[in-house]
Every structure is written in C-alpha cells, then in structure tokens.
Amino acid sequence: MGGQEFGVAVRQLRESTAPATVGLPVGDRRVRGLRREELADLAGMSADYVRRLEQGRSHPSAGVVNAIARALRIGRAEYERLCALAGYAAADGQVPNEVGPGATRLLERFPDTPMFVSDAAMNVVAVNSAFMALKHWNLTGHPWDWNVAWRTFCNPFEHFRQSDVDASDHEAILVAQLRSTLLRYPADASLAALVDELRTRSPLFDSLWRTPRPVAAYESSAAFVHPDGQAVTLVGSLLAVPGDDLAALMLTAAPGSADAARLAEVVGAAAGPAVVRVGQLGPG
C-alpha cells in the first residue's frame, strides 16, 4: 500500500472526528473535525509530521499508527484498516466476531425481512427469525458449516438456486470480501486456514483468488426453495455494520410481487426468538 492512501485515510479520520469525542473543547471552529495541530498534540508528534503523513511524504512506523489510532479513539475496524494501509499487522490481527448492540438492533428492527450478520471472514454469527423461516441452511457437521464462502464454493445449499449471472456476481463478492479481510487480518490463523481450504478444495475459488473479477454492486438474486416445495426469489444486499467490522445481508422481494406475498406467508408462519446467535469459526 502506498503512503498516499494511508495519508488520505488519516486526514479523513481527523476531519470526521468531533473534538468532544477526544476530550477537546468545541468552541468556534472554521474547520471540520480536528486541526492537524490538535491531532499532533494528542498523538505526541509535530504538526509538520502529521502534514507530511497526510500528504504521503512520510511512512509511519507501527508505533505512529498506534499513536494516531489512540489519539483519534477509532474503532477496531478503522484501526485494522490503518494498519493494513501502512503495511503492518494489527496488534493481535484477529477477525472480530462479537455481535454488538448495533448489529443486534438491525436484526430486531426488520422482523419481516430475512437477515443475517457475518464477520469479515464471512462466518455467520447471528440471524433473525425471518431468515430462519426460509429453512434452506442445512447443517452438515463440518467446522465451516456457517461460513458463507465455504458453503458457496465447497458445499452448496440444496435449496438455494441462482442464475449463472447471479452466481458469478455472488462468487466475485465473496472473493473480494475475503481478499480484503486477509489484508486487514494477516495474523488470523483461522482465516488463513479457511482461505487455504477454499483454494485447495475449489478450483473455481482458486481461479478467482488469483484473478479476481471486478465487483460492480454488492448484491445478487437467488431462489430459496422452502421444504413445502415452493420457492421465493429474493435479492440479497450486503450492508456494512460500521465499527464492528461486521456485515449484514438483507434479503428482499420486489414490492407487490408474488414473491413478496410468498415471503410474508413464510415469515408469518415462523416462530422463535427475534435474534439467534449461530456460527462456528472453523477448526479449533
């Protein structure tokens, strides 16, 4: 990664940080966020050095990255991103998988919309009752049962069908997500094991890993076949959950369509808790 990208990220974080969140008085300000001088004071460095970092004219040490992260009080996901841009592994380098209040509220507030939350390695960690109502996620007993990429490339769902175009989009999204995650978490042994498993077992994944397809939009369509034999076609849209480095997949039907009516019927017959914690994180 070039120093230019790291500098742009630092400047954006500085300009989006409210003074009050780092213990500084608000007062009358002509600039958005923090001044360079303020960040420099908080991080224990000179304003000129911060300027050179933001302009890409100086490469930070790992200690400087940590000092800036502490000064701006950024979340785990942003810290991991700064480390990756600077070319360093984060302090522990583990993919976070805690389902925080934000992700939980998101699942709770859409009780009629099938949704799941996954970590950055595409391990499903929580679902809502509407998602469980689709009844397509059969478990095989494999350690990667709840990993979306592993299920897509190594053990496809029997009751999940996509057109060639949608399948291609879905595969490209998963590879792009995992490539980005491995960059941010190079020390995560479970993530490395997952990528190795996928590249070993799936020639398609290995080919896409070596020559990724461009991702135009983070969504694709699929037909979910219910145990009663009827199918409902839904569009899956991948949404970021800021701060926790999680993602939520929201499945929706076209308003007023037969699929929307069928989805309402399936979800309406569901029972159980609003949010269910699930998932396995691979070997170990």
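The values are calculated or read from the model by the stated rules, or taken from the named source; none is laboratory data. Keep in mind it's a predicted model, so treat the numbers as computed, not measured. Heads up, the Cβs are rebuilt from the backbone with ideal geometry, glycines too, and the neighbour counts pull from every protein chain shown.
General remarks:
- Hey, LEU39 over 21 Å from VAL241 (Cβ atoms), of a type outside the set (Gly, Ala, Ser) and buried (at least 18 other Cβ atoms within 10 Å of the Cβ) or not: yes
- Candidate set from the stretch 32-45 (those that are of a type in the set (Gly, Ala, Ser) and part of a helix (DSSP H, G or I)); member that is modelled with the highest pLDDT: ALA40
- Criterion (among the charged types (D, E, K, R) and not in a helix (DSSP H, G or I)) met by exactly one of ARG81, ARG29, ARG70: ARG29
- The listed residues are GLU158, GLU171, GLU197, and the only one of them that is charged (D, E, K, R), touching a residue at least 12 places away in the same chain (Cβ under 8 Å), out of contact with any strand residue (DSSP E or B) (no Cβ under 6 Å at 6 or more places or on another chain) and loosely packed, with under 14 Cβ neighbours inside 10 Å turns out to be GLU158.
- Unmet criterion (only one of (1) part of a loop (DSSP other than H, G, I, E, B); (2) surrounded by 15 or more Cβ atoms within 10 Å (Cβ to Cβ)) for ALA176: (1)
- Which numbered condition ALA189 fails, given (1) of a type outside the set (Phe, Trp, Tyr); (2) closer than 30 Å to ARG73 by Cβ; (3) crowded, with 19+ Cβ neighbours inside 10 Å: (3)
- Residues considered: PHE131, PHE110. Of these, the only one that is part of a loop (DSSP other than H, G, I, E, B), more than 18 Å from the chain's Cα centre (by Cα) and modelled with pLDDT of 90 or more is PHE110.
- Note on the stretch 65-78: residues that are under 16 Å from the mean Cα position of the chain (by Cα) and buried (at least 21 other Cβ atoms within 10 Å of the Cβ) total 0.
- Looking only at the stretch 50-64, and only at residues there that are in a helix (DSSP H, G or I) and at pLDDT below 90, the one that is surrounded by the fewest Cβ atoms within 10 Å (Cβ to Cβ): GLY63
- Residue within the stretch 124-133 that is under 28 Å from ALA192 (Cβ atoms), in the same structural domain as ALA187 (by TED's automatic domain parsing), touching a strand residue (DSSP E or B) at 6+ places or on another chain (Cβ under 6 Å) and not aliphatic (A, V, I, L, M) present: no
- The condition of being in the same structural domain as GLY268 (by TED's automatic domain parsing), in contact with a strand residue (DSSP E or B) (Cβ under 6 Å, 6 or more places away or on another chain), surrounded by fewer than 24 Cβ atoms within 10 Å (Cβ to Cβ) and within 11 Å of VAL275 (Cβ to Cβ) holds for LEU106.
- Once the stretch 84-107 is narrowed to residues that are of a type in the set (Gly, Ala, Ser) and assigned to a helix (DSSP H, G or I), the residue that is farthest from SER118 (Cα to Cα) is ALA86.
- Hey, ALA222 surrounded by 13 or more Cβ atoms within 10 Å (Cβ to Cβ), more than 20 Å from GLN94 (Cα to Cα) and among the small types (Gly, Ala, Ser) or not: yes
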